[in-house]
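Structure first, commentary second.
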C-alpha cells in the first residue's frame with residue numbers, strides 16, 4: 001500500500017459491502033441558514049466560488065482505489081487527482097418562496113439517489129429559494145468515509161461562534177487537526193501496512209480482547225442474547241436480542257425515501273430529564289415511542305409488544321476526530337406497548353441504564369465485539385426481508401435511533417446564522433425507519449427517514465412525536 005493511501009477498517013468495509021440498489025449507505029445533514037441582512041443576490045454564488053478557489057482536503061478528496069470491486073477485502077482510500085469540484089458542489093432551488101414541506105420533498109428525492117463510488121463519496125447541495133431569503137445546505141456523505149460523530153466535529157470546525165466573522169471556510173476546505181500517532185482500535189500504530197495483515201490484526205485484537213481476560217464480554221453477551229430466559233438481577237431490564245416483535249418496519253424496502261423533521265427546545269427535555277431521573281436521550285426515546293404508538297395504531301400496524309430500537313454508541317477515543325467508524329451498540333425498548341407516557345419513560349430509563357452499565361468497564365474493541373455478538377441475530381431478519389420468508393422467531397430490533405451530539409453554541413457561516421441541524425440517515429432491508437437526534441445550541445433536532453413505500457405519511461410521525469412531548473409534560477405536572 002502506498003504512503004498516500006489509507007486502508008478501510010472492518011466497520012467501514014461493511015458500509016461498502018452493504019451498498020445495494022435499495023439500501024444506500026450514505027448519511028446526510030440538512031442545515032437551514034438565515035443570511036446576513038446585507039447579503040446580495042450574489043451571496044451564494046460568491047460563497048461557492050470562494051470554496052472552489054481553496055484546496056479540498058482529506059478526507060474529502062479521497063476515493064476508493066478499486067470501486068468496481070465492491071466485495072474486495074483490500075479496499076483503501078486514495079487521493080482523487082482529478083477532483084471535479086462542480087460535480088460535488090451543486091446549486092438547487094425551490095420555487096420561491098419554498099416552505100418546509102417543499103424542502104423536505106427535495107431532500108427526500110436527493111437522499112434517494114446513490115453516491116458515485118468511483119469519485120470521493122460525498123455531495124453538497126446549496127438549496128436556494130426558501131421563505132424569507134433563507135437557504136439550506138444538504139450534505140450527503142458515504143458512511144464508509146466518515147461516521148456521524150466525525151461529520152459533526154468537522155462541521156463545527158467549519159463554522160464560527162462569531163456572527164461578524166467573514167473568514168470561515170467550507171467543511172471540505174478545513175484541514176483536520178493533527179493527531180499524535182498511537183495505538184488504533186485494530187492494534188496498529190497508524191502506519192501503512194499490508195491490508196491482509198491489518199485485517200488479521202483487527203480480528204486478532206478483538207479475539208485477544210475477548211479471550212484474554214475480558215470475560216465480561218462473553219458473560220454479558222450470553223446474558224443479553226438469552227434475556228428471554230434470564231430476567232433476574234442486574235440483567236432484568238436489558239432489552240434482549242430476541243425480544244423485538246415482527247412489525248411493518250422489518251420488511252424489504254424500496255429505493256425511495258421520505259424525510260421529515262422535528263425540533264424541540266432543549267430546556268423542555270432537560271426539565272423532564274431532571275424530574276424523572278432520566279437522560280435527555282431517554283426522554284427523547286419516550287417521546288418517539290409515543291409518536292410511533294399513535295402512528296402505527298392509525299395504520300393498524302401496532303405490535304402487542306414494544307418496538308426495540310438499536311442505539312449506536314460512540315466508542316471513539318476522546319479527542320479523535322478522524323474519519324471512518326468506531327461504533328458500538330445497545331438495544332432499548334421504545335415503550336410503544338405502554339399508553340401512559342410517564343410509565344413509558346420509566347421503562348425506557350431502566351432498560352438503557354442497565355444496558356449502558358454493561359459497557360462501563362469495557363475497552364472500545366471489547367464494546368465492538370460485544371455489539372457484534374448482540375446484533376448477530378439481525379442477519380436473519382435482513383435475510384428474511386430480502387427473501388420475503390418471515391423467520392419464525394422474533395427480530396433483533398425494529399428501528400435505529402441514533403443520538404449525535406452537536407455544537408451547543410449558535411453558529412454562523414460568514415454571517416449566515418445556522419438555524420438547525422437535521423440528520424438524514426440510513427434505512428435498510430429489515431429496518432424501514434431510521435431516526436437520528438442531533439443537539440444544536442438550545443434545541444434538539446430530529447430527522448426521520450424511512451422507506452417511501454413502507455411508511456406512508458411519514459410527516460405524521462414527526463407531528464405525533466411533538467404531541468407526545470406535550471402529553472409527557474402534562475402527565476408529569478399531574
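The values are calculated or read from the model by the stated rules, or taken from the named source; none is laboratory data. Quantities reported herein were computed from a predicted structural model and do not represent experimental measurements. All Cβ positions, glycine included, derive from the backbone under ideal geometry; neighbour counts span all protein chains shown.
Only a single item in (1) in a helix (DSSP H, G or I); (2) under 28 Å from residue 404 (Cα atoms) is not met by residue 28, and it is number (1). Scanning segment 110-164 for residues that are crowded, with 20+ Cβ neighbours inside 10 Å, more than 19 Å from the chain's Cα centre (by Cα) and in a loop (DSSP other than H, G, I, E, B) turns up 120, 159. When the residues of segment 339-353 are filtered to those that are part of a helix (DSSP H, G or I) and either outside the structural domain of residue 473 (by TED's automatic domain parsing) or surrounded by fewer than 19 Cβ atoms within 10 Å (Cβ to Cβ) (or both), the one that is nearest to the chain's Cα centre (by Cα) is 353.
Residues satisfying the criterion are present in segment 435-458 (criterion: assigned to a helix (DSSP H, G or I), surrounded by fewer than 24 Cβ atoms within 10 Å (Cβ to Cβ) and in the same structural domain as residue 272 (by TED's automatic domain parsing)). Output yes when any residue across segment 96-115 is more than 23 Å from residue 453 (Cα to Cα) and modelled with pLDDT of 95 or more, and no when none is. Looking through segment 96-115, none of the residues is more than 23 Å from residue 453 (Cα to Cα) and modelled with pLDDT of 95 or more. With respect to (1) assigned to a loop (DSSP other than H, G, I, E, B); (2) surrounded by fewer than 16 Cβ atoms within 10 Å (Cβ to Cβ), the lone exception for residue 45 is condition (1). In this structure, residue 81 does not satisfy being farther than 25 Å from residue 163 by Cα and either touching a helix residue (DSSP H, G or I) at 6+ places or on another chain (Cβ under 9 Å) or surrounded by 19 or more Cβ atoms within 10 Å (Cβ to Cβ) (or both). Restricting the first member to segment 271-288 and to residues that are touching a residue at least 12 places away in the same chain (Cβ under 8 Å), and the second to residues that are part of a loop (DSSP other than H, G, I, E, B) and crowded, with 17+ Cβ neighbours inside 10 Å, the beta-carbon pairs closer than 8 Å and six or more apart or on different chains are 272/278; 285/334; 285/335; 286/278; 286/335; 288/334.
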